[in-house]
Amino acid sequence: MSVDFNTVATEFCHFYYQQFDSDRTQLGNLYRDQSMLTFETSQLQGAKDIVEKLVSLPFQKVAHRISTLDAQPASPSGDILVMVTGELLIDEEQNAQRYSQVFHLIPDGNSYYVFNDIFRLNYS
Amino acid sequence: MSYRGRGRGGFHNQNNFNNRNNNNNQNNGAFGNPQNHQNQAEQFAAQNSVPIEIVGWNGASPAECISFISRKCRVAVSNYNVDPGSGILKGYVKNQNDAATLMNWNGVKFAGQSLKFSKVNVGSQVQSATTSNAIEVITNFLKSRYQPDIKLLNLTNVKSDPNLSAQGFFGSISTSSKFFPALMKVAEDNKLDVLSVDLSANELSDLSSISTLAHTFPQLQNLSLMNNNFNKLKVFETWRHKLNFLRELILGGNPLLANQTNPAEINKIKLELMKSFPRLVVLDGEILRNEQLLSTTLSLPFTGSTSMFFQDEEIRNMSTNFISNYLKLWDGNRGDLMILYQSESQFSIQVDSSHPYLLDTTTTTSYSNGGTDFGNYLSNSRNLTRVSSIKSRISRVAIGQEQIFKAFNQLPKTRHDLMTNPDLFSMECFRFPLLNGIMIVIHGSFEETAQPETDPNANNAQNGPRGRFNHPKHKKPALSKKSFDRTFVVIPGPNGSMIVASDLLSIRPHAGKDAWNTVAKVPAAAIASGTASPAPVAPVGVPQRVPTPADLPQDIKANLNPLQQELLVKILVETKLNMQYSIMLCEQSNWDYQQCTINFKNSAATLPREAFAA
């Protein structure tokens, strides 16, 4: 195995959430035109629309905390499926929203982009 | 005497619980005046006391005799008077102990005579109350302390309640420690609707005797623990995440905050309390956090969730078929699922055992442990944030039929109520272009019905010292409801069969369906109906449901009137354009159907491919 998909998945998630929490307008680099986002009720396609959606979410400050993360290689060409559960802290609240999220990552040159991103709050 | 009236006296300003703008509720201000308590205390003492009679006192005045007894026998006699008929000096001692002490002094010389003491047997039969009697007493007590109009249970200074004292409820510590749980049991049996509880002045220093409160009244909003002996923050751990609706807490008159002058420490206490009680807004009259923001956060800004998303109709048919059959076999006989897995198929699970923040009130009664025992899953959990060794990371992905079957058998037997209660589930399904397959993400809950076929902890237990960190060998984890997320990648196999290429399962504490329960039930019902055809991919013969405006995403529907919604659905179906382009077409055609068809015909050839639903 040339690239350890576990490491890729873990590093990707950390990077993604760090970017999301510090400046989510910059997340566009991680999506492509064919990328899809399902955020609760909304389905969006294309980096531009996805970032617009993420930026428009009704919170100023946000912090993601990963609780669990698992990954599997998903195709011979190096796709990776990452499934995450975690907590979302919104606007300095003490109470976290719990969520689960699935990323389908596709290799693109030396890096990966998000082909599909499915976010769902768990309300637990 | 009206106990109920006195209850009000002790808590006369109950509006404070509901008035967060009133910041002046310091100590006694909110809970009646101390003088009132003093009077009550005397009355209670009189009720509780034991009547005695003294003969041979008349060598001096009654006052001198009482004073003598106080000095000599160290027993205080109160409310004494001389019975005009018999000439006997009558009075009361504080309790049975004092009475007994006094009896031992029988014959003591006073003013040239021997004093004779005797108890007046009035309350002795009552003191040996039988159990049924006890329940009756508690029930009456509860009724006298409950104010249904404001849903307040006033449990101030319970020990001094004359009703209870007369029954000997607080004669010993053991009775008093059993008293509160018994009280809660009776409250539960009587289905008392309680939003506020006042437990002030009960000499409490921890929650051990009253811990059941959180179980009986999980919806409690207001709680006063004023004038008790709480001095450690740690004791509130008992109720951590158990009183998730608690809005106001009063801790005034407890050493915990009263003795604290360091602002940093006070802040720390507030923060910890906010963590333990996620909806706590008011502490001792002080607003701790923005309630509006809190309720927005907790009710979630993302409204109108839909439970189902399918990229297109074919995906809908395939995935609903797949899931309904899959879960049926998963609950029934997992061995039958193995035809779906091949040598390169992968399966792994991850366990998010962190405590849920919100109590699922529908399950608290039958699952008091909250479904948090993950003993059957932990040993196989492949949480990459925790599992760092390469060996474990590799061994915890089951690859191929044999390993996957083994992993399946190490999971508890389950029941997914997909058929009877499809609302409990949510799905998102997409094409997986590279493999010409589909990706299905399903969220929901299930009930564990039996222990796993094979013990997941058996292997590790033989691994020497590591075994001891696992679940105790003979103690099976408790079965309960759990929630899960699962991601399947399903690809076409030979002869129209299906193969599960990837299977990721995440197990977490039971959380119910609130995340998507605002939803129209139609799509969920569509899943259930999918079971009728066992063939994996069989769109033929399965009547395609005609979409209705109810299927439109909430955020889109919100901006459209019903006629526009109808038109949009029609356009979506007829043109196969995606949502964005369909809306665009409608808008540019002024929401006129004829115009839409003309415009569509004219521009269809020039539209980009992504304008169409995949």
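With a 1.4 Å probe, what is the total accessible area buried between chains B and A, in Å² rounded to the nearest 100?
So the total buried area for this chain pair works out to about 5000 Å².
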Item to check | Cα pair distances of segment B:202-287 binned at 10 Å [whole percent] | outcome: 18, 57, 24, 1
Checklist entry - For B:Q451 and A:S77, what does the FRET efficiency come to when R0 = 60 Å and r is the distance between their Cβ atoms, rounded to the nearest 0.05? => result 0.90
Checklist entry - Cα-based Rg of segment A:7-70 per 2.2 N^0.38 Å, rounded to two decimals? => result 1.12
Checklist outcome for this item: Quick calc, segment B:127-297, dipole around Cα centre from Cβ unit charges on Lys, Arg (+) and Asp, Glu (-), nearest 20 debye, gives 340 debye
Checklist outcome for this item: FRET efficiency for B:N267 and B:T385 from the Cβ-Cβ distance with R0 = 41 Å, rounded to 0.05, comes out at 0.85
Checklist entry - Quick one: with all protein chains in place, what share of the accessible area of segment A:5-121 is carbon or sulfur, to the nearest percent (1.4 Å probe)? => result 49 percent
Item to check | Cross-link partners of B:K109 among lysines (Cα-Cα below 30 Å; sequence separation of 8 or more within a chain) | outcome: B:K72, B:K90, B:K94, B:K119
Checklist outcome for this item: For segment A:65-79, in residue order, the Karplus 3J(HN,Hα) values (coefficients 6.51, -1.76, 1.60; θ = phi - 60°; whole Hz; Gly and Pro = x) are 10, 6, 8, 9, 8, 9, 9, 9, x, 10, 6, x, 8, x, 4
Checklist outcome for this item: To the nearest 0.05, the calculated FRET efficiency linking A:N29 and A:K53 through their beta-carbon distance, R0 being 22 Å, is 0.90
Next on the checklist: Give me P(r) over segment B:48-123, computed from all C-alpha to C-alpha distances, binned every 5 Å, as integer percentages.
Outcome noted: 3, 18, 32, 30, 13, 4, 0
Checklist entry - Under the Kirkwood approximation applied to all pairs of distinct alpha-carbon atoms, what is the hydrodynamic radius of chain A in Å? => result 14.7 Å
Next on the checklist: What is the percent carbon and sulfur in the accessible area of segment B:559-614, measuring with a 1.4 Å probe over the protein chains and ignoring ligands?
Outcome noted: 53 percent
Checklist entry - What is the gain in length, in nm to one decimal, between B:S208 and B:K116 on full extension, counting 0.36 nm per residue of separation less the C-alpha to C-alpha distance? => result 28.6 nm
Checklist entry - What share of Cα pairs, in percent, lie more than 23 angstrom apart in segment B:127-297? => result 40 percent
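Please identify the GluC sites (Glu not before Pro) of segment B:179-266 that satisfy two criteria: DSSP loop assignment and at most 16 other Cβ atoms within 10 Å. Which are they? Display every interim value, and only then the final one.
Details: sites: B:E188, B:E203, B:E237, B:E248, B:E265; in loops: B:E203.
For GluC sites (Glu not before Pro) across segment B:179-266 that sit outside H, G, I, E and B with at most 16 neighbouring Cβ atoms in 10 Å, the list reads B:E203.
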Checklist entry - Do any trypsin sites (Lys or Arg not before Pro) in segment B:223-277 lie in a DSSP loop with no more than 16 other beta carbon atoms within 10 Å, and if so, which? => result B:K232, B:R240
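The values are calculated or read from the model by the stated rules, or taken from the named source; none is laboratory data. Just so it is clear, the structure is predicted and the values come from calculations on it, not from any experiment. Virtual Cβ from ideal backbone geometry, glycine too; neighbours counted across all protein chains shown. Calculation scope for accessible area: heavy atoms of the full protein, side chains included, ligands and nucleic acids excluded. Shrake-Rupley method; radii C 1.70, N 1.55, O 1.52, S 1.80 Å.
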